[in-house]
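The values are calculated or read from the model by the stated rules, or taken from the named source; none is laboratory data. These numbers come from a predicted model, not from an experiment. Positions of Cβ are generated from backbone atoms using ideal geometry, with glycine treated the same way; all protein chains shown enter the neighbour counts. Accessible surface is based on the protein model in full, side chains and every heavy atom, while ligands, DNA and RNA are left aside. Shrake-Rupley method; radii C 1.70, N 1.55, O 1.52, S 1.80 Å.
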Amino acid sequence: MAKIITVSSYKGGVGKTTIITAAAEILASRGYHSLIIDLDSNCTVSRCYNKLFQDITSKNLLSETVTDFKGVYPAKEYIDIIPSCLENHLLNNIMDMQLKINLQKTGLKEKYDYILIDPPGHWCAHTRNAVFASDVLILPGTCSSLDFSAIKLYFDILQNCCIEADTYVCINKANSKTNEPGIIEKYNAAFGDFLIPGSIPDIKSLKRLTENVNYPLQQAVKNRLEQYIDFFIKGDTSCLN
Ligand SMILES: Nc1ncnc2c1ncn2[C@@H]1O[C@H](COP(=O)(O)OP(=O)(O)OP(=O)(O)O)[C@@H](O)[C@H]1O
Ligand SMILES: [Mg+2]
């Protein structure tokens, strides 16, 4: 039975797609089979794996009547993807639990070790579907007050929704030279045990996510994410430093 992990935010550009893609690659290198579901109509992760403009997409997976779903495409060894499409942006009248129901109904939940969901960077029907389908939610924030406030607002909304997923905040793009002064302390004070210890460093030269699926994730980012993955597999904070 797959563990379902969503990386979500209230604000764009915080590293959701980077983290999801890196997690899939790291899990694959350890022999775990992942399914990435792209729910973002910007299709960034679909583009990473050269899966733009497919006939069947995550929009079909959100249909009330889906049973035999044919929109899973191999991305690389141990990684499959359900790509997104521009039309996802127009789909509003979906029940918040539809994805959770359909992952069961289609048998996809049983088929994989991990299902990794990349929703849009704002609160909408697709994001709610991802949140309500998930076992684990990761909320990345960066080192500015605006991002901090956005993640706090989002975290509070999620707490009020009484979601079942284990929720964690993580700091991405941390750079001791450019971080807003005191921002890490603010994260610690606001999120306490919900904050994953050890931030992901800002790697200025990290290549933009493009068509090239084998983009070189800088070693520092990858090392940190390897630790996060250990944490999520073993649930043990001793692997974080
Ligand atoms: N740790 C990092 N260091 C430097 N750059 C990073 C880091 N993490 C992500 N980036 C860069 O930041 C940009 C945004 O990252 P990404 O696309 O993963 O964010 P996102 O939250 O998925 O954005 P969107 O809301 O648009 O989907 C990308 O160019 C990515 O390469
Ligand atoms: Mg993205």
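Do any helices (runs of 4 or more DSSP H) lying entirely in the stretch 35-151 carry at least 1 residues that are closer than 24 Å to Asp166 by Cβ and of a type in the set (Gly, Ala, Ser), and which ones are they? First the steps, then the outcome.
On the way: elements: 44-48, 58-61, 98-105, 108-111, 125-133.
Fully inside the stretch 35-151 and qualifying: 58-61, 125-133.
Take Ala125 and decide whether it is under 30 Å from Ile196 (Cα atoms), under 14 Å from the mean Cα position of the chain (by Cα) and away from ligand 2 (no atom under 16 Å from the Cβ). The answer is no for Ala125. Filtering the stretch 166-221 to residues that are at pLDDT below 70, away from ligand 2 (no atom under 16 Å from the Cβ) and among the hydroxyl-bearing types (Ser, Thr, Tyr) leaves only Ser205. Restricting attention to the stretch 152-181, the residues being open to solvent by 40 Å² or more (accessible area, probe 1.4 Å) and either charged (D, E, K, R) or in a loop (DSSP other than H, G, I, E, B) (or both) number 12.
The number of residues in the stretch 72-97 that are farther than 20 Å from Val45 by Cβ and not hydrophobic (A, V, I, L, M, F, W, C) comes to 3.
Matching residues to (1) under 23 Å from Ala220 (Cβ atoms); (2) of a type outside the set (Ser, Thr, Tyr); (3) out of contact with any Cys (no Cβ under 7 Å at 6 or more places or on another chain):
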| residue | (1), (2), (3) |
| --- | --- |
| Tyr10 | no, no, yes |
| Val14 | yes, yes, yes |
| Thr18 | yes, no, yes |
| Ala22 | yes, yes, yes |
| Tyr32 | yes, no, yes |
| Ile37 | no, yes, yes |
| Asp40 | no, yes, yes |
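For (1) surrounded by fewer than 21 Cβ atoms within 10 Å (Cβ to Cβ); (2) in contact (Cβ under 8 Å) with a residue 60 or more places away in the chain; (3) basic (Lys, Arg), each residue gets a yes or a no:
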position	(1), (2), (3)
His33	yes, yes, no
Asp68	yes, no, no
Glu77	yes, no, no
Pro83	no, no, no
Pro119	no, yes, no
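May I ask you to verify whether Glu87 is closer than 29 Å to Phe155 by Cα, within 16 Å of ligand 2 (Cβ to nearest atom), open to solvent by 20 Å² or more (accessible area, probe 1.4 Å) and acidic (Asp, Glu)? So Glu87 fails the test. Of all the residues in the stretch 1-20, those that are within 16 Å of ligand 2 (Cβ to nearest atom), touching a helix residue (DSSP H, G or I) at 6+ places or on another chain (Cβ under 6 Å) and either assigned to a helix (DSSP H, G or I) or closer than 20 Å to Glu110 by Cα (or both) number 2.
Does at least one position in the stretch 95-110 carry a residue that is small (Gly, Ala, Ser) and crowded, with 16+ Cβ neighbours inside 10 Å? Scanning the stretch 95-110 turns up no residue that is small (Gly, Ala, Ser) and crowded, with 16+ Cβ neighbours inside 10 Å.
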